[in-house]
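Trainee: What follows is a single structure, and I will ask about it in a moment.
The values are calculated or read from the model by the stated rules, or taken from the named source; none is laboratory data. Being a predicted model, the structure only gives us computed values, none of them experimental. Because the Cβ atoms are built from the backbone with ideal geometry, glycine has one as well, and the counts that use them run over all protein chains shown.
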Amino acid sequence: MYNWLARSLVLLGAMLSNVSLAADLTDVDEIVRRANLAAYYQGADGRAEARMIIRDGQGREQMRQFTILRRDRSDGGDQDFLVVFSRPADVRNTVFMVAKHTEGEDDRWLYLPSLDLVKRISAGDKRTSFVGSHYFYEDVSGRNIRDDQHRLLGSDERFYLIGSTPKDPASVEFARYQVWIDKQTFLPMTIEYYDSGDRSYRKVEVIETETVQGHPTVTRSQVSDLRSGGSTRMEFRFIRYDLGMEPGLFSERSLRNPPREWLQRPH
């Protein structure tokens, strides 16, 4: 009786293990596609308030606070972003707007209220500091998954490990990067960038997530500059999805006259 039960348990364990392995994806493009959807396309649109704490290598801190609005033109396709800063006073009413395109370069604008100037951010500037933080402009709206070659390096019980290299190395500061993608939520949990000497120099980490309206959502993340020792932590609050935003919300007019009704916290 004991031997029969032991053999049955071993067989059951093997069956469950095979089911688990069969559930894993092996198509790297599908894994990357799902991760992109999870990170940037939850709901048809979304709103959140964000606070960044910027710490330099000597431990000195600055703060940035803003509201971010996002609308999908199609799921997994083109998107619009509007970021309106509220604190501190020297960046208040600064506005960053993105028209994200899956085909061709994104369009990015920055409105500087102190100069009453709308500045176009060129494609070459997308991987530069976002308002003095360790996040890049490209981090805010996401990197086009077609800009890189992706390879499945491995997986364990929790993560897929993806290795990516740029198709146009001259357009970026990194030689390659690795992403750990959560198998359950498909959220990219850690991204590590390597330079031409294959040294890790930049890390993006998800620190905390919550489920909001049924969507797994990043509520706290951090970018670390491994060379200088500086870092920026980002926290999201008052997150809402599927609010019914209209296309006109993301127009040039909103750069100088942000939509105040959408910047109020939803009840």
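Trainee: Looking only at the stretch 160-172, count every residue that is more than 19 Å from T128 (Cβ to Cβ) and either out of contact with any strand residue (DSSP E or B) (no Cβ under 7 Å at 6 or more places or on another chain) or crowded, with 17+ Cβ neighbours inside 10 Å (or both) and tell me the total.
Mentor: 4
One line per residue, one yes/no per condition, for (1) in contact with an Asp or Glu (Cβ under 9 Å, 6 or more places away or on another chain); (2) of a type outside the set (G, A, S); (3) at pLDDT below 95; (4) within 23 Å of R120 (Cβ to Cβ):
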position: Y41; (1), (2), (3), (4): yes, yes, no, no
position: R47; (1), (2), (3), (4): no, yes, no, no
position: R51; (1), (2), (3), (4): yes, yes, no, no
position: I54; (1), (2), (3), (4): yes, yes, no, no
position: R60; (1), (2), (3), (4): no, yes, no, no
position: D75; (1), (2), (3), (4): no, yes, yes, no
position: F85; (1), (2), (3), (4): no, yes, no, yes
position: D106; (1), (2), (3), (4): yes, yes, yes, yes
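Trainee: While we're looking at this one, here's another question. Of the residues that make up the stretch 50-59, is at least one in contact (Cβ under 8 Å) with a residue 12 or more places away in the chain, over 27 Å from L226 (Cα atoms), of a type outside the set (F, W, Y) and assigned to a strand (DSSP E or B)?
Mentor: No, every residue in the stretch 50-59 fails to be in contact (Cβ under 8 Å) with a residue 12 or more places away in the chain, over 27 Å from L226 (Cα atoms), of a type outside the set (F, W, Y) and assigned to a strand (DSSP E or B).
Trainee: Report, ordered by the first and then the second residue, all pairs with beta carbons closer than 7 Å, sequence separation of six or more or different chains, a first member in the stretch 175-192 that is under 18 Å from S224 (Cβ atoms), and a second member that is of a type in the set (S, T, Y) and buried (at least 18 other Cβ atoms within 10 Å of the Cβ).
Mentor: R176/S164; Y177/S164; Y177/Y193; V179/S164; I191/Y177; E192/Y177
Trainee: Shifting gears a bit: Against the condition closer than 19 Å to E252 by Cα, more than 18 Å from the chain's Cα centre (by Cα) and either touching a residue at least 12 places away in the same chain (Cβ under 8 Å) or surrounded by fewer than 14 Cβ atoms within 10 Å (Cβ to Cβ) (or both), how does L115 come out, does it pass?
Mentor: Here the answer is yes, as L115 does meet what is asked.
Trainee: Test each condition in (1) in contact (Cβ under 8 Å) with a residue 60 or more places away in the chain; (2) more than 27 Å from F66 (Cα to Cα) for T165 and report the one that comes out false.
Mentor: Exception for T165: condition (1).
Trainee: Suppose we keep only residues that are buried (at least 20 other Cβ atoms within 10 Å of the Cβ) and not β-branched (V, I, T) within the stretch 51-68. Which one would you say is nearest to the chain's Cα centre (by Cα)?
Mentor: Filtering first and then ranking leaves M52.
Trainee: Report yes if E210 is touching a strand residue (DSSP E or B) at 6+ places or on another chain (Cβ under 9 Å), surrounded by fewer than 18 Cβ atoms within 10 Å (Cβ to Cβ) and not in a strand (DSSP E or B), otherwise no.
Mentor: no
Trainee: Sticking with this structure for a sec: Where residues in the stretch 173-191 are out of contact with any Asp or Glu (no Cβ under 9 Å at 6 or more places or on another chain) and surrounded by 14 or more Cβ atoms within 10 Å (Cβ to Cβ), which of them is nearest to R237 (Cα to Cα)?
Mentor: Out of the qualifying residues, it is L187.
Trainee: A further question on this structure: Is it fair to say L9 is exposed (fewer than 15 other Cβ atoms within 10 Å of the Cβ) and either modelled with pLDDT of 95 or more or in a helix (DSSP H, G or I) (or both)?
Mentor: When the stated conditions are applied, L9 passes them.
Trainee: Related question: Determine if the stretch 85-95 includes at least one residue that is within 20 Å of the chain's Cα centre (by Cα), closer than 29 Å to S228 by Cβ and not in a loop (DSSP other than H, G, I, E, B).
Mentor: Checked against the condition, which is being within 20 Å of the chain's Cα centre (by Cα), closer than 29 Å to S228 by Cβ and not in a loop (DSSP other than H, G, I, E, B), the stretch 85-95 yields at least one hit.
Trainee: Scan (1) surrounded by 17 or more Cβ atoms within 10 Å (Cβ to Cβ); (2) among the small types (G, A, S); (3) more than 22 Å from V218 (Cβ to Cβ) for the single condition S141 breaks and write down its number.
Mentor: In the conditions (1) surrounded by 17 or more Cβ atoms within 10 Å (Cβ to Cβ); (2) among the small types (G, A, S); (3) more than 22 Å from V218 (Cβ to Cβ), S141 misses (3) alone.
Trainee: Could you say which residue among A123, A99, A44, A89 is in contact (Cβ under 8 Å) with a residue 40 or more places away in the chain, among the small types (G, A, S), surrounded by fewer than 14 Cβ atoms within 10 Å (Cβ to Cβ) and over 21 Å from E205 (Cα atoms)?
Mentor: A123
Trainee: Just the residues that are closer than 19 Å to S86 by Cβ, aliphatic (A, V, I, L, M) and assigned to a strand (DSSP E or B), please, taken from the stretch 215-264.
Mentor: Across the stretch 215-264, the qualifying residues are M234, I239.
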